[in-house]
1. Given the criterion buried (at least 18 other Cβ atoms within 10 Å of the Cβ), in a loop (DSSP other than H, G, I, E, B), touching a residue at least 24 places away in the same chain (Cβ under 8 Å) and under 14 Å from the mean Cα position of the chain (by Cα), identify the matching residue among PRO269, PRO274.
2. Of all residues in region 178-195, which are β-branched (Val, Ile, Thr) and under 12 Å from ASN275 (Cβ atoms)?
3. Can you name every residue in region 231-256 that is assigned to a strand (DSSP E or B) and more than 13 Å from the chain's Cα centre (by Cα)?
4. Give region 42-85 a look and list any residue that's assigned to a loop (DSSP other than H, G, I, E, B), within 22 Å of THR293 (Cα to Cα) and small (Gly, Ala, Ser), or say none.
5. Can you find, within region 150-195, the residue that is surrounded by the fewest Cβ atoms within 10 Å (Cβ to Cβ) among those that are within 30 Å of ARG237 (Cβ to Cβ) and aliphatic (A, V, I, L, M)?
6. How do the pairs read when you match residues in region 189-201 that are under 16 Å from TRP249 (Cβ atoms) with residues anywhere that are among the polar types (S, T, N, Q) and in a strand (DSSP E or B), using Cβ under 9 Å and keeping only pairs 6 or more apart or on different chains?
7. Here is a list of conditions, (1) without any contact (Cβ under 8 Å) to a residue 12 or more places away in the chain; (2) under 25 Å from GLU126 (Cβ atoms); (3) not aliphatic (A, V, I, L, M), and SER302 meets all of them except one; can you say which number that is?
8. Listed residues LEU220, LEU131, LEU193, LEU174; which is within 23 Å of ARG262 (Cα to Cα) and out of contact with any His (no Cβ under 7 Å at 6 or more places or on another chain)?
Amino acid sequence: MSESITGEQYALSAGPYQAVITESGASLRELTHEGRPLVLSHGADEPAPAAFGHLLIPWPNRVDRGRYDYGGASHRLDISEPERDCAIHGLARWAPWRAARHEPDRVRLTHRLLATAGYPFRLDLEAEYSLDAADGLHVRITARNAGTATAPYGHGSHPYLTTGEPIDACEVTLGADRYMPVDERMIPSGPSLDVTGTKYDLRTGPILSDRVIDTAFTDLNREGDGRVWVVLSGSARTVRLWADDAHPWMMIYTADNAPSPRAGLGVEPMTCPPNAFATGEGLVHLEPGAEYTGTYGIQAVS
């Protein structure tokens, strides 16, 4: 562990895999396999750009104008994306998280999310990162409602997968039958649509080429164990991300506005679509004392 502006750095290792998790936001700062990056990384003395590796709690993506109604009351979140007049990516991604346990191949971090004017609820949060020499990275996110009122809840994660080359020449595979259309402010503009015949059809592993995608997908095709996979294949190596069935949505972002455009692919497992606080679609209603857990992972393909 070392001093930095992103707090303590928790290094993990198992076989060919290494990772670094930060105190700031319990974020995934680095993940490598045999020394080669599987995700876009940043320096320990650099705030995570473009949400690199962030956990998005208690909502992923955007809330339109930060306004929503819940429990018979109207709420307004602080606007964290002023250019689109939205509240984006939750309340916990810059907060300090405390290490409850740190071993060579795993770390468990916790955070008490106390009430704010826009989110008058209390959650006890836990994020556990573990490495397996054969299966790669596992990330388990758990929220427990420690308050006295039912709380609206959603979460997501924001890694950028990389094969070490620009994504335009990479094949991208996601078994998703529908996507969510959005307006110019990236707010859903209608119900989900069939991907067939559109640039959003990634089911057969097309070369990404010049497709610009910043889109939430659903109706995900899962394997027998409940996992859905996103596979990014380059000329020399392949990386893939899986998510369990606690995540009915998957965001794909071609990183056109990231510091190094299209150097990696944002792949974001989410429990709900954009603007779920306002629409209620996919929202988890977390009762007092109840917990919600979701798991995802990243691995290299030999």
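1. Details: PRO269 fails: in a loop (DSSP other than H, G, I, E, B).
Criteria check complete, one pass: PRO274.
2. Passing the criteria: VAL182, ILE187.
3. Within region 231-256, the first condition is being assigned to a strand (DSSP E or B), and the residues that meet it are 231-233, 238-243, 249-253.
Across region 231-256, the qualifying residues are VAL231, LEU232, SER233, THR238, VAL239, ARG240.
4. Filtering region 42-85 for residues assigned to a loop (DSSP other than H, G, I, E, B) gives 42-48, 52-53, 58-61, 65-66, 71-72, 77-80, 85.
Now drop any that are not within 22 Å of THR293 (Cα to Cα), which leaves 52-53, 58-61.
Matches in region 42-85: GLY53 only.
5. Out of the qualifying residues, it is ALA169.
6. SER192/THR218; TYR200/THR215
7. (2)
8. Working: LEU220 fails: within 23 Å of ARG262 (Cα to Cα); LEU131 fails: within 23 Å of ARG262 (Cα to Cα); LEU193 fails: within 23 Å of ARG262 (Cα to Cα).
Every option except LEU174 fails the conditions.
Values in this text are rule-based calculations from the coordinates and carry no lab data. As the structure is a prediction and not an experimental result, all values here were calculated from the model. Because the Cβ atoms are built from the backbone with ideal geometry, glycine has one as well, and the counts that use them run over all protein chains shown.
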